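The values are calculated or read from the model by the stated rules, or taken from the named source; none is laboratory data. Given the structure is predicted, the values throughout are model-derived calculations rather than measurements. A quick note on method: Cβ atoms are made from the backbone with ideal geometry, for glycine too, and the neighbour counts reach across all protein chains shown.
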Amino acid sequence: MADAVSFGTAIALLEYSSIAAGIEAGDAMVKRAMLQVIHAGTVHPGKYLVLVGGGVADVEEAVDAAHRLGLDLLVDELFLPDPHPGLVAGLAGARVAGKGESLGVVETDSVSAVILAADAGLKGARVDLRQIFLADGLGGQGYLLFSGALVEVEAAVEQATARIPVELKAWRVIAQLHDEMNENLLGDGRFASRLRGE
């Protein structure tokens, strides 16, 4: 999952409230379609995520296979053709350090929603995705950090929040992030890790 090429031209994410259902769905997806990548596993609080990538038609076929199993345990989902390269890098764990620029924060109630928000913000403005956080240690929530010039960060947050109005939990735009707060954002985002200087 290191670069945009490994994902293909579309991604889909299915978020299940049941681990067993998520495993069954992932299996059905890879049996039905020729996918370039599948990543599946548990996140807090007891949800199971299945992320697939490949050609648009193949990803659509895979999602259809999962849907045929029943949707009663599906919490949220996304289908995203042509994901932004910055999003793909962020999903692979890339981090972009800010340089005293403005910061945009978007927080959502689901992983699917934060991925959609990140893609919309990156496509709608000239910003960097500093980092995207997906569920683990967050009670199932997700959040992202955009950085760039103030007007661009404002535009990115506007695009991101417009894409996910139902699941939106909170957002903020901070002009000229202070260096000390920037330092806190560069490391592990968990409070205990910050206390230990990680």
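Annotations
- A single member of ALA57, ALA66, ALA33 is under 21 Å from LEU116 (Cα atoms) and crowded, with 20+ Cβ neighbours inside 10 Å, and it is ALA66.
- Filter result (touching a residue at least 12 places away in the same chain (Cβ under 8 Å) and among the charged types (D, E, K, R)) within the stretch 1-51: ASP3, GLU15, GLU24, LYS31, ARG32, LYS47
- Among the candidates LEU145, LEU150, the residue that is at pLDDT 90 or above, closer than 29 Å to GLU180 by Cα and crowded, with 23+ Cβ neighbours inside 10 Å is uniquely LEU145.
- Of all residues making up the stretch 66-93, the number that are assigned to a loop (DSSP other than H, G, I, E, B), more than 23 Å from TYR16 (Cβ to Cβ) and over 12 Å from the mean Cα position of the chain (by Cα): 1
- Qualifying residue in the stretch 58-65 (condition: assigned to a helix (DSSP H, G or I), in the same structural domain as GLN176 (by TED's automatic domain parsing), out of contact with any strand residue (DSSP E or B) (no Cβ under 7 Å at 6 or more places or on another chain) and modelled with pLDDT of 95 or more): no
- Verdict on VAL157 being of a type in the set (Val, Ile, Thr), surrounded by 15 or more Cβ atoms within 10 Å (Cβ to Cβ), modelled with pLDDT of 95 or more and not assigned by TED's automatic domain parsing to the domain that holds THR42: yes
- Neighbours by Cβ (under 8 Å, 6+ apart or cross-chain): first from the stretch 65-78, over 14 Å from ALA40 (Cβ atoms); second β-branched (Val, Ile, Thr) and part of a strand (DSSP E or B): LEU78/ILE11
- Identity of the residue in the stretch 1-57, under 23 Å from ASP136 (Cα atoms) and of a type in the set (S, T, N, Q), that ends up farthest from the chain's Cα centre (by Cα): SER18
- Selection count where residues are part of a strand (DSSP E or B) and surrounded by fewer than 24 Cβ atoms within 10 Å (Cβ to Cβ), scope the stretch 104-118: 2
- Any hit, the stretch 111-119, residues being over 23 Å from THR9 (Cβ atoms) and under 15 Å from the mean Cα position of the chain (by Cα): no
- Test for LEU134: is it surrounded by fewer than 20 Cβ atoms within 10 Å (Cβ to Cβ), modelled with pLDDT under 90 and in contact with a helix residue (DSSP H, G or I) (Cβ under 7 Å, 6 or more places away or on another chain): no
- Only one of the listed residues (SER112, SER18, SER102) is farther than 30 Å from ALA175 by Cβ and among the polar types (S, T, N, Q). That residue is SER18.
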